[in-house]
1. Note down the net charge around residue 310, summing +1 for each Lys or Arg and -1 for each Asp or Glu among other residues with Cβ under 14 Å from its Cβ.
2. With θ set to phi - 60° and the Karplus curve 6.51 cos²θ - 1.76 cosθ + 1.60, what are the ³J(HN,Hα) couplings of the range 393-401 in order, to the nearest whole Hz, using x for Gly and Pro?
3. Would you mind putting 87-93, 208-214 in packing order, based on average other-beta-carbon counts within 10 Å, highest first?
4. Work out, step by step, the length gained on full extension between residue 26 and residue 403: first 0.36 nm times the residue separation, then minus their alpha carbon distance; give nm to one decimal.
5. What is the set of long-range amide H partners of residue 109 at a cut-off below 5 Å, with H atoms built 1.01 Å from backbone N?
6. Under a 1.4 Å probe, what is the accessible area of the range 196-258 per residue, stated in Å²?
7. On a full-extension model of 0.36 nm per residue, what is the gain between residue 307 and residue 195, subtracting their alpha-carbon distance, rounded to one decimal in nm?
8. Applying the Karplus parametrisation 6.51 cos²θ - 1.76 cosθ + 1.60 with θ = phi - 60° to the phi angles of the range 244-260, what ³J(HN,Hα) value in whole Hz is obtained for each residue in order, glycine and proline being reported as x?
Amino acid sequence: MKAKNLLKFAVFGLKRRKARTSLTVLGVVIGTVCIVLMFAIGLSNYRQFEQNMLSDQSLLEITINNYYDSTMKNGITDSIIQSISTLPHIKTISPVIEFPVTIVAGNYQANLQLKGIAPEALNVVFDKGCGFKDSNAIFPIVCGGNTVQQFIDPQNPPNYADFNAMENYSPDIDLMNTEMVMSLGMGIEDSEMPLSQQYRVTISGITEKSYSESSYSTYIDIDSAKQILMENRELAEEMGLSISSYNTVKIIVNEMDNVETVLQEVKKLGYETHSPTESIIQIQEEQARQQGQLFAIGFISLLVSAIGIANTMYANILERRRDIGIMKVLGMRIYLIRNLFMTEAALIGLLGGLIGIGISYIITIVINVSNSEISFLGMHFSEGIVVSIPVWLSVAAIFITMVVGILSGIYPAYKATKMSVLEATRK
């Protein structure tokens, strides 16, 4: 019997039992939709992670923190920094001095944590302006894209209770072209604390808004930071600030492949370190666990579908005993009878897979058109996320459903071939 005729017989056999075939196909459709959507959501979630994390954080940065043990009770000194800088693969190393400041710009006021850092260690992406190294202003400042919202008019503050209002808030002032007055401290007068000198400052650059640390930080040149602390020595001492030692040091590694090596070398020296790569590895592991959960859900759905196909095919054999007997009496070969029932099972898998793929594409279109935040199985998708189904996933899903159908039909087909003619023709 030719393959074309075998296919016709298989289609005819399925059409004779439309209700049972339709219900079985429906089971395969549900299984296909589950497994395709699980994979598509998992892949889209990881793609969102790459966009938010890998693009927003500098993966070449390593931060050293002073944890105040007996060997570093006075902080990290310049001699220690010089020693660390001799390690291989280090492109730039800079101490970081952090202190609170109050900046007044017209009617606006901002309380910020200012970080003094070497210009070559300022690894940010600018939305406006440039770094303080390229500015001719006195005390230029680089402001993070998200810290701009800290400039508040005390007489007309934004609605702090309205999240959307705060998220979209922007001061009604040209920060890049406004001269400002900065003082050390949080702007709260204390009769027991020395007064800070006033400094004229300008914002030389504003970074892009992102999830990175730089977008929530404000920077000044390390030499300017030291000058401010020296000119306000008494106030700095009262605030516990020092210019002879540091609590934080930033390292820029020359290549991504060398980050882990430098990280381990610095840890061997006894320092507490942090790198975005560590958190990214943890998140990647969590992503792998989530995708494993999604795969398990889809696999269980497909397993249920396989049981449904096997049940349908077995029931078909019991109902078609006389047909099987007639086939054998007419001399139809055993392997053709087996292939007939396996073809029927494969067609159920193929049809369910094709319909499932179509429904999956429709669901992803609905998700993408909704353009709203989505939470699914503990995963959060930000507004504008695009859930897509790769072509390879569609092809793989159809192939899997066909394989599931064939495997589900093996036992029923075996039973059909082993059925005796007398048993098959018995009423």
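1. On the way: positive: 20, 415; negative: 344.
My count for the surroundings of residue 310 gives +1.
2. 5, 5, 5, 5, 5, 5, 4, 5, 5
3. Working: 87-93: 16.0, 208-214: 18.3.
Ranked from most to least packed, the peptides come out as 208-214, 87-93.
4. Values: separation 377, 0.36 × 377 = 135.72 nm, distance 1.68 nm.
Stretched fully, the residue 26-residue 403 segment lengthens by 134.0 nm.
5. 152, 153
6. I get 48 Å² per residue for this part.
7. Values: separation 112, 0.36 × 112 = 40.32 nm, distance 7.97 nm.
Answer, rounded to one decimal: 32.3 nm.
8. Per residue, the Karplus-derived 3J(HN,Hα) values read 9, 8, 9, 9, 9, 9, 10, 10, 10, 8, 5, 9, 4, 5, 9, 4, 5 Hz.
The values are calculated or read from the model by the stated rules, or taken from the named source; none is laboratory data. Please read these numbers as outputs of a predicted model, since none were measured by experiment. Ideal geometry is used to build each Cβ from the backbone, glycine not excepted, and the neighbour counts take in all protein chains shown. These area figures cover heavy atoms from the full protein model, side chains too; ligands, DNA and RNA do not enter into them. Shrake-Rupley method; radii C 1.70, N 1.55, O 1.52, S 1.80 Å.
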